[in-house]
Amino acid sequence: MKTIKRSLLIALSTLFFVACSSDDDNQPVYEPAAYENGVLVTNEGPFMNGSGSITYISNDYATVSQNIYRTVNGTELGNIVQSMGFNNENAYIVVNNSNKIMVANRYSFEAIDSITTGLVNPRFFESMDGNKGYVTNWGDPNDNSDDYVAVVDLRTNEISANISVGFGPEKMISHNNKVYVAHQGGYGQNNLISVISGTSVESTITVGDVPNSMVVKDNNLYVLCGGMPSYAGTETAGSLVKIDLSSGQVSETFAFETIQHPSNLTIDGDNLLYSLDGKVYKVNTSSITLPGTEIIEGYFYALQANDGKLYASDAGDFASKGSLYIYDLSTNQQIQDFQTGIVPGGIYFNN
Amino acid sequence: MKNLHYHFILAIFLCSTSVVAQLDSIQQLPEVLLTDSKLVHFSKGFKVEKVNDSIVERNATSLTETLTYNSLIYFKENGFGMVSSPSFRGTNASQTAVIWNGININSIFTGQTDFNVISPLNYDNISIRSGGGGVQYGSGAVGGSIHLNNTYTFKKTNKTNVGMRYGSFSTIAANANTTQTWDNHYLNVGVDFLRSENDYDYVGKGKINKHGQFLRFSAKVNEARRIRNGVVTWNSKYVYSDRNFSGSLNTIGKDAYKDIATRNLWQLQKQIGIFKTKASFAHLYEQFRYIPDSEKSNYDQGQANSFIGGLQTEVLFKNKIRLNGKAEYTLINGNGDNVGDNSRRTLAAVLLLNHKVSDDFNYGVNIRKEFLNDYDNPILYSADAKLKVSDFYSLRINGSKNYRIPTFNDLYWYAGGNIDLKPETSYQVAFGQQFSTGNLKTDVAVYYITSEDLIKWVPKNGGIWEPENISETRNFGAEVTFDYTVDIGKSQILNLNANYSYTKAEDLKKEKQLIYVPFHKATGSISYSYKKLSIYLQGLFNGEAYTTTDNSDVVDAYSLLNLGVDYTFPVNPNIKLGGRVKNVFNKYYENVAYRPMPSRSVEIFLNFNI
């Protein structure tokens, strides 16, 4: 209904504009929407049936556009939009259940290409040195021995190599020409970081159980591990693992005292932020004590800090439109609240 | 909630002050007997519709198809022939009970019956009972129940029929069925087979259904033997189904599913003085294998055995008061890769009363109490009344408390299962009126259902989903059915049939319509026959249904038309040849979002009646 109203409004104002300025040069009525200088949210979409989508919110909060890929291209992204990665002008949208990556211009969202072969349960995309893309793949989720990282030649958008890795590869971070892959463990649990250089695994680092998120700060990799969940048999507490990237060794491990399962590590300046049991905690990297300071309340599906603000998504009941909340980290107060698509799982900054 | 009861009791009281007979919704030849007689004797104030054999024959692919076109139940199908679940009066998929010869056969694991695994050709009588049937039929009979009954007779019978069907998408089907009686014996044996490549077009999408092949085989044996002062019956059923699961518009199907069910029911019925006594024993077995990748051999599996022993007795005082008491013990053993090894024992005591006050008025009161369960043992009750105001007008009213017990998946699923769940409970009232003058029959029904403690899987901290008794709903709606047969003369008969329902089903916390419950559904048919030739048109309208709990997305409304023709050759053995076109206008439609249903298809059939 809103769209109809809005279209009507646009139609009427166009009419008015045309009527009042018939002497002017004919301006093109449609201007391609620019999705830069804003936040992009990937929405997984309904679990079984349907398509994920991308929401755009401009940095001045004046423009909110839902389903931007479909708006621009007229086609759906596919089932379970898991995540998105970037390289130069391009966005690489990983569509998990449809086993593909859609490539679009990150500012106009016009479709450029797609990668539809060679991906099996793709999870995340990370680019390196301008022409290589790395994609974590679970393979068959019931088979722990077929997991791999696909290497995509970004000039042709074809897979040039597959790197066999331990099971359940998930999030990645690239730093100094290396890709650090966190093995969260797929449907099960794992406790590894694979270090990829070029097209091979250079080393693996054992961390805590279920490494679910990572950030890099001052040549240190901070890995937040959720710990084994209660249904895994032996439940274990979460931990925060600090890895010195010059040596590739774990320099410190901070354990949570009680059996709790933190997630969503992100960083704002010197402060690590993460979520745990319906609260967001803050820990200073220079003096880490867990759990740290409780700053915000809420059950969030994804967290990203950027420029003094915390962006937190809420997936609600996972079967209706979700929300994105923006908090000012100087006051820890919510400053904005936007509707997103269904199951907002990824938050990205498109500046 | 309490108020509802009082209103309902008041209504019963008001009705009982007026007078007058009964008009059974199920017309039954006296010499043909149902194995589940409760459906006839203790459902007078409920709407019970029998699906005619000729209608079953026209929509014989699956019970989903039969009921989609001939009832007001909405079905969600993940593509044609795939998993199919009903929404009856806006209730959820596990709130429609499927009753086989009086026994609830909903899955122990899911609480539902997959309507695409049931062949409608295996039964002598398929009836739809609208409204709560928890007292008689146990868990899940909330929106209503579907009754699959086999009958028996000792009248001289020697009947065999063989049917064959061939249709689009490489679909072949065959069925054979024979019924014989001799001395004091009745025997009915039948088999049924269906197989399809199911590779239909996604109309206008430039794709085909690549991974939706299915196969279904079922067999039945029904036997009855007359003994002194009684009868012994045995009903047996075997079903095997093997399906690849279709993908959706934007995913490619990979998984597959195989399931097997066997059902056996032995009953010994004896007249002891004024007591008509029945001892019964039933065994149900269900097994499933879910194969995540149809090209690989690994799978998740589960199986369950149910043993049900029952003893009941019925007395009829002065042809007016019919009283039935029953005790039933059920033992279920289930195990599966995701639920472990568990069992459930239930003892249920049921008391049913029907009082025929006069030829024109009767009422019933029913009560059920359960014991032994490890959750709160509910007391269920229902009451109903039927009043014949005149020869062509009758009224009925009923009210009931019903429940749906947590399934093994809800309780024991690894990880997330919640053993502290309570049963879902629901209260309802329904009122109906029927006008019937010779060839014209119309029925108008309204109902109101409130449900609480509905089990819903919700995401918990740490990404695990757990079921909780959190949701509350309120459903109300109206159903209108119309049927008119005209004898035009010169051997020509015209039949018009139309059904419409309005369904409002609301989540009371969100104040939104429940997902996959369309407000409007309508079905209709026009049949014309001239001597041995008949032609029919079948129409279906499914209104828009929401697919998200905030009602932000919908699956579009659609209407479909089927056209069929058949001719019976007047020879012996009697041969019937016919065909039909489904989805005549080749429309794109889906009843689950992004799950396309078939393009236009053609089917021909040949039946021999010997």
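The values are calculated or read from the model by the stated rules, or taken from the named source; none is laboratory data. Remember, it's a predicted structure, so these values are computed and weren't measured experimentally. Quick reminder, even Gly has a Cβ in these numbers, built from the backbone with ideal geometry, and neighbours come from all protein chains shown. Side chains are part of the model used for accessible areas, which takes the heavy atoms of the whole protein and leaves out ligands, DNA and RNA. Shrake-Rupley method; radii C 1.70, N 1.55, O 1.52, S 1.80 Å.
Summary table below
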read-out	value
Cross-chain or 6+ apart pairs with Cβ under 8 Å, the stretch B:241-263 first and within 13 Å of chain A (Cβ to nearest Cβ) and closer than 17 Å to B:LYS296 by Cα, then open to solvent by less than 10 Å² (accessible area, probe 1.4 Å) and outside any loop (DSSP other than H, G, I, E, B)	B:PHE245/B:ALA256
Pairs, first of a type in the set (S, T, N, Q) in the stretch B:186-205, second surrounded by 18 or more Cβ atoms within 10 Å (Cβ to Cβ) and not in a loop (DSSP other than H, G, I, E, B), C-beta under 7 Å, six or more apart	B:ASN188/B:THR179; B:ASN188/B:ASN222; B:SER196/B:THR171; B:SER196/B:PHE214; B:ASN198/B:PHE214
Top-ranked residue in the stretch B:571-605 [being away from chain A (no Cβ under 14 Å), among the aliphatic types (A, V, I, L, M) and in a loop (DSSP other than H, G, I, E, B); ranked as farthest from A:PRO46 (Cα to Cα)]	B:VAL571
Residue in the stretch B:106-122 that is within 30 Å of B:ASN607 (Cβ to Cβ) and assigned to a strand (DSSP E or B) present	no
Some residue of the stretch B:562-574 being out of contact with any helix residue (DSSP H, G or I) (no Cβ under 6 Å at 6 or more places or on another chain) and within 30 Å of A:VAL343 (Cα to Cα)	no
Any hit, the stretch B:260-274, residues being more than 30 Å from B:ASN324 (Cβ to Cβ) and small (Gly, Ala, Ser)	no
Flag for A:GLY233 being surrounded by 22 or more Cβ atoms within 10 Å (Cβ to Cβ), closer than 30 Å to B:GLY340 by Cβ and not charged (D, E, K, R)	no
Elements of type strands (runs of 3 or more DSSP E) in the stretch B:315-407, at least 2 residues being under 25 Å from B:VAL446 (Cβ atoms) and among the hydrophobic types (A, V, I, L, M, F, W, C)	B:361-371, B:379-390, B:393-404
Only one of B:LYS159, B:LYS155 that is more than 17 Å from B:VAL231 (Cβ to Cβ) and touching a residue at least 12 places away in the same chain (Cβ under 8 Å)	B:LYS159
Residue count, the stretch B:284-294 (criterion: away from every other protein chain (no Cβ under 13 Å) and surrounded by fewer than 16 Cβ atoms within 10 Å (Cβ to Cβ))	1
Lone unmet requirement of (1) within 14 Å of chain B (Cβ to nearest Cβ); (2) touching a residue at least 12 places away in the same chain (Cβ under 8 Å) for A:GLY346	(1)
Candidates B:ILE470, B:ILE515, B:ILE526, B:ILE493, filtered to the one that is more than 30 Å from B:VAL565 (Cβ to Cβ), in a strand (DSSP E or B) and without any contact (Cβ under 8 Å) to a residue 40 or more places away in the chain	B:ILE470
Check on A:LEU290, at pLDDT 95 or above and either away from chain B (no Cβ under 11 Å) or in contact with a helix residue (DSSP H, G or I) (Cβ under 8 Å, 6 or more places away or on another chain) (or both)	no
Which numbered condition A:LEU40 misses (of (1) crowded, with 24+ Cβ neighbours inside 10 Å; (2) in a strand (DSSP E or B))	(1)
Search result, residues across the stretch B:516-571 that are among the aromatic types (Phe, Trp, Tyr) and over 22 Å from the mean Cα position of the chain (by Cα)	B:TYR528, B:TYR530, B:TYR536, B:TYR546, B:TYR558, B:TYR567, B:PHE569
Among residues of the stretch A:303-321, those that are within 20 Å of A:TYR274 (Cα to Cα) and either open to solvent by 40 Å² or more (accessible area, probe 1.4 Å) or within 12 Å of another protein chain (Cβ to nearest Cβ) (or both), counted	7
Pair list, Cβ < 6 Å and 6+ apart or interchain, from the stretch A:63-77 residues that are more than 14 Å from chain B (Cβ to nearest Cβ) to residues that are open to solvent by 60 Å² or more (accessible area, probe 1.4 Å)	A:VAL72/A:GLU110
Where a residue in the stretch B:547-564 is within 13 Å of chain A (Cβ to nearest Cβ) and its partner, wherever it lies, is in a loop (DSSP other than H, G, I, E, B) and among the hydrophobic types (A, V, I, L, M, F, W, C), with Cβ under 7 Å and at least six apart	B:THR547/B:ILE515; B:THR547/B:ALA593; B:THR548/A:ALA319; B:THR548/B:ILE515; B:THR549/A:ALA319; B:THR549/B:ILE515; B:VAL555/B:VAL592; B:VAL555/B:ALA593
Whichever residue in the stretch B:298-309 is away from chain A (no Cβ under 11 Å) and among the polar types (S, T, N, Q) and, among such residues, is surrounded by the fewest Cβ atoms within 10 Å (Cβ to Cβ)	B:GLN301
Pair list, Cβ < 7 Å and 6+ apart or interchain, from the stretch A:211-229 residues that are farther than 16 Å from A:ALA255 by Cα to residues that are in a strand (DSSP E or B) and of a type in the set (Asp, Glu)	A:ASN220/A:ASP244
Subset of the stretch A:154-176 (residues that are farther than 17 Å from A:ILE93 by Cα and not in a loop (DSSP other than H, G, I, E, B))	A:SER160, A:ALA161, A:ASN162, A:ILE163, A:SER164, A:PRO169, A:SER174, A:HIS175
Test result for B:VAL98, out of contact with any helix residue (DSSP H, G or I) (no Cβ under 6 Å at 6 or more places or on another chain) and open to solvent by 10 Å² or more (accessible area, probe 1.4 Å)	no
Filtered residues of the stretch B:177-210 (kept if of a type in the set (A, V, I, L, M), open to solvent by 40 Å² or more (accessible area, probe 1.4 Å) and under 20 Å from B:ILE126 (Cα atoms))	B:LEU187, B:VAL189, B:VAL191
Strands (runs of 3 or more DSSP E) within the stretch A:91-153 that include 1 or more residues open to solvent by 10 Å² or more (accessible area, probe 1.4 Å) and touching a Ser or Thr at 6+ places or on another chain (Cβ under 7 Å)	A:100-105, A:122-128, A:148-153
Index of the failed condition, A:SER239 passing every other in (1) closer than 23 Å to A:TYR301 by Cβ; (2) touching a residue at least 40 places away in the same chain (Cβ under 8 Å)	(2)
Only listed residue being open to solvent by less than 20 Å² (accessible area, probe 1.4 Å) and out of contact with any Ser or Thr (no Cβ under 8 Å at 6 or more places or on another chain), chosen from B:PRO459, B:PRO467	B:PRO467
Selection from the stretch B:435-456 of residues that are surrounded by fewer than 19 Cβ atoms within 10 Å (Cβ to Cβ), of a type in the set (Gly, Ala, Ser) and in a strand (DSSP E or B)	B:SER436
Failed condition for B:TYR200, given (1) at positive phi; (2) of a type in the set (Ser, Thr, Tyr); (3) touching a Pro at 6+ places or on another chain (Cβ under 7 Å)	(1)
